[in-house]
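Working notes, beginning with the structure itself.
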Protein chains: 4
Amino acid sequence: MAVPITILGQNQYGKAENRVVKITRDGGTHHIKDLNVSVALSGDLDEVHYSGSNAHVLPTDTTKNTVFAFAKEHGIETAEQFGIALARHFVDDTEPITSARIRIEEYAWDRIDTSAGPAPHSFARNGRETRTAQITYDSRDGGRLQVLGGLKGLTVLNSTDSEFWGYIKDKYTTLKEDYDRILATEVSAVWRHSWSGDGTPAPDWQESYDGTRTLLLRAFAETYSLSLQQTLYEMGAQVLGGRDELEEIRFSMPNKHHFRADLEAFGIKNEAADGAVYLAADRPYGLIEATVLRDGAEALIPLDMTNL
Amino acid sequence: MAVPITILGQNQYGKAENRVVKITRDGGTHHIKDLNVSVALSGDLDEVHYSGSNAHVLPTDTTKNTVFAFAKEHGIETAEQFGIALARHFVDDTEPITSARIRIEEYAWDRIDTSAGPAPHSFARNGRETRTAQITYDSRDGGRLQVLGGLKGLTVLNSTDSEFWGYIKDKYTTLKEDYDRILATEVSAVWRHSWSGDGTPAPDWQESYDGTRTLLLRAFAETYSLSLQQTLYEMGAQVLGGRDELEEIRFSMPNKHHFRADLEAFGIKNEAADGAVYLAADRPYGLIEATVLRDGAEALIPLDMTNL
Amino acid sequence: MAVPITILGQNQYGKAENRVVKITRDGGTHHIKDLNVSVALSGDLDEVHYSGSNAHVLPTDTTKNTVFAFAKEHGIETAEQFGIALARHFVDDTEPITSARIRIEEYAWDRIDTSAGPAPHSFARNGRETRTAQITYDSRDGGRLQVLGGLKGLTVLNSTDSEFWGYIKDKYTTLKEDYDRILATEVSAVWRHSWSGDGTPAPDWQESYDGTRTLLLRAFAETYSLSLQQTLYEMGAQVLGGRDELEEIRFSMPNKHHFRADLEAFGIKNEAADGAVYLAADRPYGLIEATVLRDGAEALIPLDMTNL
Amino acid sequence: MAVPITILGQNQYGKAENRVVKITRDGGTHHIKDLNVSVALSGDLDEVHYSGSNAHVLPTDTTKNTVFAFAKEHGIETAEQFGIALARHFVDDTEPITSARIRIEEYAWDRIDTSAGPAPHSFARNGRETRTAQITYDSRDGGRLQVLGGLKGLTVLNSTDSEFWGYIKDKYTTLKEDYDRILATEVSAVWRHSWSGDGTPAPDWQESYDGTRTLLLRAFAETYSLSLQQTLYEMGAQVLGGRDELEEIRFSMPNKHHFRADLEAFGIKNEAADGAVYLAADRPYGLIEATVLRDGAEALIPLDMTNL
C-alpha cells in the first residue's frame, strides 16, 4: 500500500564486508592477501522496491559467493585488480545490473622474524594504516572504470615545526597563539586514478600505493607548518606532483590535539623547547577536510568518502 | 614549495564532536539535552591552504567556545533550532565565512522511576537510536537553510512475515528460497525538510522527529516483506505520505542475517513455524541503500550520509 | 621441545560469543530471547598443552553446536536457567571436563507500537543496559553451582544533589570544591546468588534481575551524594537489603565528568543553580570500584569481573 | 540510610586513562613516549563509602595532575619505571593510602623515513600490539613491588603447520578433522617479574619487553601445532626458558577462525595445499586461556587480566 506520490531515487544493494583471505604458496614460501570486500549493485531494480519482486535481484548471498570464488579462480594480485574483475563480472554477466561499486579495505601483514630469518609462512598483522580502494564500473557510461585508491588510520605526529597564530579573534576567542606546538593527525585520504580502463595498460597498483604513501609521509614530515590546512595542501600537492597517474586527492585530517600540560601551579616549567609533557585529548578535535586537484581536473571524489 | 600545477577544491574545517550537555531547571524539576555538535565552515580560505596564513581563519577552538556559549545564551530547545542559530552566526558574523554546516547527534535520557514517581533530576540514558540533524546555511545561496533530520542505530526485527524467493540464479548461487525468515536491520535514515528559512514558520522539530520515527517503526512492523528493499521503500513512502514537511528520505539498512541453526545432524527439527533458534551473524551482511522522494522533489541528500 | 622447568597453571577453553536468538511462538504472538553465550571448560587437559594430544578435548566447535541445540531442546527461559543446563551438561557428560563456566550477555527487545497496539512479532532493540550472567559448575566441588547476575552499560545522571569537598589537598591538588555538581556514571555491577543448586528451588531469575535493577536505579536517584563512593555503597546496601537471595555485589563505576563550561571570558554566567551548560568529557575519568557484602558473606566475585 | 547488615569489601579508586605524551629533545632529535596511565588507590577509605566523608580521599583529579607532573619531573624512561615512581609516591606520601596499582598501556611510534633519512621529530604510530604494564605497591606488605609486563593486540597467523584431529566426538560434534589449517590468534599476554624492589637492581625493562616479544613471536612461528593450547604452552615455556627475570605468564588467545571457503558447488577446488581462499570469521571464536609457571613459582596473575 505504497503512497502513490513517492518515487524511488538512487539505490544500490549488495553484500558488505566479505572478509576474504587468500594464501598463495610458492613452494614452502607463502604469501597472504587479507581483504574486506563490499559489493554494491545498481540497475533495473525499481520493482524489488515497489512490489518486492526479486526477478531482477542477484541475491547478496550470491555476490558473497562470487567474491570467494573469484579469489580462487583469478587470485588477488592487488585490491584494485580484484575489484575491477568483480565489478566487470557483476555488470557484464547479470542482465539487470548496469553498475557495480566495489569497496575494499586491505590489512597488511609482515613476516615474523625467526632465528632462521623471515618466516616462510608465519605472519604478524601490521597495524599501521588500512589501505582502501573503490572500483566503479558502469555499462551505461560506455563501460568506464573509476578507480580510487586510499588509506585511513595513518596516525602521524610532528613534535615541533608547527605554529598557529595570526587568526581571527572574535568575542568567543580565548585561544593563545602558539609558536611551537605538536601537530598530530590521523590521515584519511582518497585519490583518483586517471586511468579508466580504456585499453591503455593499468597502473602498477602496488607501486602506485607505495609511492603515494611515501609522498604523504614525507610531505607531512618535511612541511614547516603554519596551519594543518597548509600541511594538508602540501601533502596533496606533493602527491599530485610526484604521481602522474593521479588526478585528484581528498583528505579528512582531524587535528588530534596535544595540549601542553599546565604545571605552573606546582612550580614546574613545561616549555616545548625543553621537551614537554602533553595531554592527548579525544574530543572535541579540529577536523580539516579538502580536495586537491590537478589543474583542469574534475572533482569527482564524494565529499564524505574520507569520513567512512 | 607547493607544486604549481595543483589547485584547491572543496574544503571545510571546524571543531568536531563538541559534547555539550544543557540542564534546564524548572523549579526542582530538571530537563536535559545531550548533544554532540560538529561544526564545518567554508569560505574565502584559499590562503590558509596555500601559504598557511590564518588571517581568514576563525580558530576551531573558537567554534567550540561558541557552541558552549550559545547553549547558555540561547538554550537548546531542539538540535535543529540550536544548529540553525549556530550556522547563521558563523556565516553572518565572520567576514570570510560564507557557509556553515552543523552536524548534531542527540542522545536521549529517561527519568528514573523512584518510589515517589518519576525523579525530578535523575536520568537513565535511553540507548535506543541516536537522533541526528544537519543544518546547512550558505550566504551565497541567498541565505537558504537546509535542514536534514535523521536517526541511526535503530535496530528492529520481524520474527516472521518475511520471505525471499524468485531471485536470479547464476552459477554462484547456492541460497535456498525462504518462505518464513527473520528480517532484522539497523535503520540509518536521513530526511530533508522542505522548509528553507524563508520567513515561513519553522516546523515543530520535536513533533516532526517523533512522528517520523513512529511512521518508520510502524511501516517496518506492518509490511509483509518479500525483500528488504520493499520494506525500505514502504518505510520511505509512509514517512513522505504522513509528513508533509518532508521532501526526501534516504536509508542505509544492513540485512542483519539471522540464520536458522542447522540441527539436523542431532536429530532436532528447527522449523520457523515451531519457534526456531537462529545464529545472529556479524559479517558479511547485506546492505540496502536507497532514496525515496516526493514526486518532483530534487534528490539532495548525499549518498553516503547514511553511512556516517 | 618444551623447556622442562615450566609447568601448566590454571587453564580453560571453549567457544566464546555464540550469538543465539530464540523465537518462541505462542499462536501469532512471538517472544524473543537474544543472548551472547561464552563457554569455558576446565579439567584433565594437561596433555593438550604439553604434547598437543586432543584426546581429552571436546572441540570448541562442539560447544558451539551444543549451545544452539540446547536452545532448541530446552528453550531459553532465562540466561541463568540456560547457563545452568549447559554447565551441567559439559561437566556431567564429558569425562575429562570437571568444571564449566558459562558467561552470558543478554540484549533486550521491546515490542514495536503499531496503530493496532503492541506488535505481535515485531521488535525494536532496547539499547539500555546489557544484562549479564555467569554460571559456574564444578564436579570436584560437590557439584556446587555459583550463579552471578549483573548488568553493564547502565548510564545514569543526577543533575544536582551531588557535592564534593573536604578532601585531602597535597601539592598537586588544584581541584575546586563543588557544592552542586552533576554526578554521572555508567554502572557495571555483578551480584552473587546464595543459591548453589543444592536441591532447594532456584530463585525466580527474571524477578530477581528486575528487582535488583529497580533498587540500583532508585538508590542512585535517591541518594544525596557527597562522593561517588557513598552512592556506590548505598546502591549495594539497598540491593542487599532488598534482595534476600543475594550475598554480595561488586561495582565498577566510572565518574563520567561533566565540567561546567567556563564562559566568564564572554561575560556569561554559567551557574548550576540557574541551569548550566556542561562539557561531557571522555578521558581521563575517575574510576570507583568496590564490593559490598552481606555481613559474614565471603567475597567471591573476582575483582576485575566488572571491568570485562 | 545504609542498611546495617552490609559491609564494605575490597575497594579502590583513582583516575583512569590519563593520556600522557612526553617529548624528550636531544638537540634537534626528539624522542616520544605515549602512555595511557590508570591509577587505583586503596587504604583507610571506609568512611568515604559509609558517610561520604572525603577526609581520607586524595581526589582523582589530583592523581591525574600527579601523573602529568611526574612525567615532567622524573621523565618517562619506561612504563615500568614511571609506574613504580607513581605507585611509591601515592602510598608513601599520602597517609591513608596503603596500596597503589598503576596500569599502563603504551603505544609505539616509528620515525618517518624522509629523503634525508629518519626524521628527527616526525613519527608515525606503529599500530602493532599495545604494550602493557601493571605496577602494584603495598606498604602493608613490607613495601613489596609487583611488576607485570604484557602486551595485547598482537595478531599472528601461520598459514600452515597446524593440524586439529583426535578430539572427543559426542552427539553434538560435526567438525571435520583438519591436517592443514590456518592458525591465527590475537595474543594477549601478561608476565610477572620476580624482582620485587628489594634493593636488587631492577631489570632493564625495555630489553626485557623486547626479548619477551621476540620469544613469543618465534615460538608461535616455529611450533608445528596440533592444538592452539600446545602453541600457547610452547610460547610460555620459551619465554620462561629464555627470560630468567620472569616467573609466570598468562595468555588469552582467541582462535581466530579462518574457514576454507566451500567452492565445490561451483566446480572449484580449494585445497590448502594449492593455496586456498579462506573466510575470516568474527564470532563465535575459540578462546584458549592458560597460565604457564616456572616450576615452584606461585600463580599470582589474576585470571581475567588478559581479558581486559
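The values are calculated or read from the model by the stated rules, or taken from the named source; none is laboratory data. All values derive from a computational prediction rather than experimental measurement. FYI the Cβ positions are ideal-geometry reconstructions off the backbone, even for glycines, and counts take in every protein chain you see. The protein model used for the area step is the full one, side chains on, heavy atoms only, and it has no ligands, DNA or RNA in it. Shrake-Rupley method; radii C 1.70, N 1.55, O 1.52, S 1.80 Å.
Rounded to a whole number, what % of the accessible area of the protein assembly as shown do carbon and sulfur atoms account for, probe 1.4 Å? Carbon and sulfur together cover 47 percent of it.
Label point of C:Gly267 (7 Å along Cα→beta-carbon): distances to the other copies' equivalent points are 4.1, 8.3, 8.6 nm, sorted ascending. All Cα-Cα distances of region D:11-142, cut into 5 Å bins from zero to the largest, leave 2, 10, 19, 19, 15, 12, 8, 6, 4, 3, 1, 1, 0 percent in each bin in turn.
For chain C, the dipole from Cβ point charges (+1 on Lys and Arg, -1 on Asp and Glu) about the Cα centre works out to 660 debye, to the nearest 20. A cut-off under 9 angstrom between Cβ atoms defines the neighbours of B:Asp180, and their net charge, with Lys, Arg +1 and Asp, Glu -1, is -3. Among the residues of A:112-121, the average count of other protein chain beta-carbon atoms within 10 Å of the residue beta-carbon is 5. Considering region D:98-221 at the alpha-carbon level, its Rg and Dmax are found to be 20.8, 66 Å. Pairing the Cα long axis of helix C:60-73 with the longest principal axis of chain C, what angle in degrees results, from 0 to 90 and rounded to the nearest 10? Helix C:60-73 and the main axis of chain C meet at about 80 degrees.
Label-to-label distance for D:Asp26 and C:Asp204 is 7.0 nm, based on points extended 7 Å past Cα in the beta-carbon direction.
The residues of region C:93-191 have, on average, 38 Å² of accessible surface per residue, using a 1.4 Å probe with all protein chains present. Taking the inverse of the mean 1/r over every pair of distinct Cα atoms in region C:150-308 gives a Kirkwood hydrodynamic radius of 17.4 Å. Using only side-chain charges placed at the Cβ, +1 for Lys and Arg and -1 for Asp and Glu, the dipole size of region A:198-242 relative to its Cα centre rounds to 200 debye. Label-to-label distance, D:Leu175 versus A:Ile168, with points set 7 angstrom from Cα along the beta-carbon direction: 6.3 nm.
Each semi-axis of the equivalent ellipsoid for region C:168-236 is √(5λ) with λ an eigenvalue of the Cα gyration tensor; in descending order they amount to 36, 14, 8 Å. Using a cut-off of 24 Å between Cα atoms, the listed pairs D:Lys33/D:Lys64; B:Lys169/C:Lys22; B:Lys176/C:Lys22; B:Lys152/C:Lys72; D:Lys33/D:Lys152; A:Lys269/D:Lys152 include B:Lys169/C:Lys22; B:Lys152/C:Lys72; A:Lys269/D:Lys152 as exceeding that distance.
The 1.4 Å probe gives accessible areas that order D:Glu17, D:Glu80, largest first, as D:Glu17, D:Glu80.
Considering only D:Ser122, D:Asn65, D:Trp191, and ranking their Cα positions along the charge dipole of chain D that arises from unit charges at the beta-carbon of Lys, Arg, Asp and Glu, the one farthest toward the positive end is D:Ser122. From a point 7 Å beyond the Cα of B:Leu300 in the direction of its Cβ, which residues of region B:123-142 have a backbone N at a distance under 15 Å? From region B:123-142, the list is B:134-142. How far is helix C:79-93 tilted, in degrees, relative to the longest principal axis of the Cα atoms in chain C, given as a value from 0 to 90 rounded to the nearest 10? Taking Cα atoms only, the helix is inclined about 30 degrees. Taken along its principal axes, the alpha carbon cloud of region D:136-199 reaches lengths of 55, 29, 16 Å, longest axis first.
To the nearest 10, the accessible area of A:Trp205 is 20 Å² with a 1.4 Å probe.
When the Kirkwood hydrodynamic radius is evaluated over all pairs of different C-alpha atoms of the protein assembly as shown, what value in angstrom, to one decimal, is obtained? Radius from the Kirkwood sum: 32.2 Å. On the principal axes of its alpha carbon atoms, region D:214-308 extends 57, 26, 19 Å, with the longest extent given first. When only Cα pairs below 8 angstrom with a gap of at least 6 residues are kept, chain B shows a relative contact order of 12 percent. Ascending distances from the A:Arg144 label point to its copies in the other chains, with the point 7 Å along the Cα-to-beta-carbon line: 2.6, 7.3, 7.4 nm. Report the paramagnetic label zone for C:Glu73: residues of region C:18-57 whose backbone N is under 20 Å from a point 7 Å from Cα along the Cα-to-Cβ axis. The answer is C:18-24, C:35-42, C:57, whose backbone nitrogens lie closer than 20 Å to the label point. Could you state the angle between the C-alpha long axis of helix B:205-222 and the longest principal axis of the C-alpha atoms of chain B, as a value from 0 to 90 degrees rounded to the nearest 10? In chain B, helix B:205-222 runs at an angle near 20 degrees to the longest axis. Highest mobility in the GNM of chain B, judged by mean-square fluctuation with C-alpha springs under 10 Å and restricted to B:Ser208, B:Ser99, B:Ser115, is found for B:Ser115.
Across the copies of the chain, A:Gly296 has label points (7 Å from Cα along Cα→Cβ) spaced 4.4, 8.0, 9.2 nm apart, shortest distance listed first.
Please state the charge dipole magnitude for the protein assembly as shown, taken about the Cα centre, from unit charges on C-beta atoms (+1 on K and R, -1 on D and E), reported in debye and rounded to the nearest 20.
Charge dipole of the protein assembly as shown: 0 debye, to the nearest 20.
Think of the axis that spins chain B onto A; the B residue whose C-beta lies nearest it, and the distance in whole Å, is B:Asp304, 2. According to the Kirkwood relation over distinct C-alpha pairs, the hydrodynamic radius of chain D is 22.4 Å. In region D:153-308, taking the dipole from charged Cβ atoms about the Cα centre, the farthest positive-side position among D:Pro201, D:Ile182, D:Gly236 is held by D:Ile182.
Buried between D and C is an accessible area of approximately 7200 Å², summed over both sides with a 1.4 Å probe.
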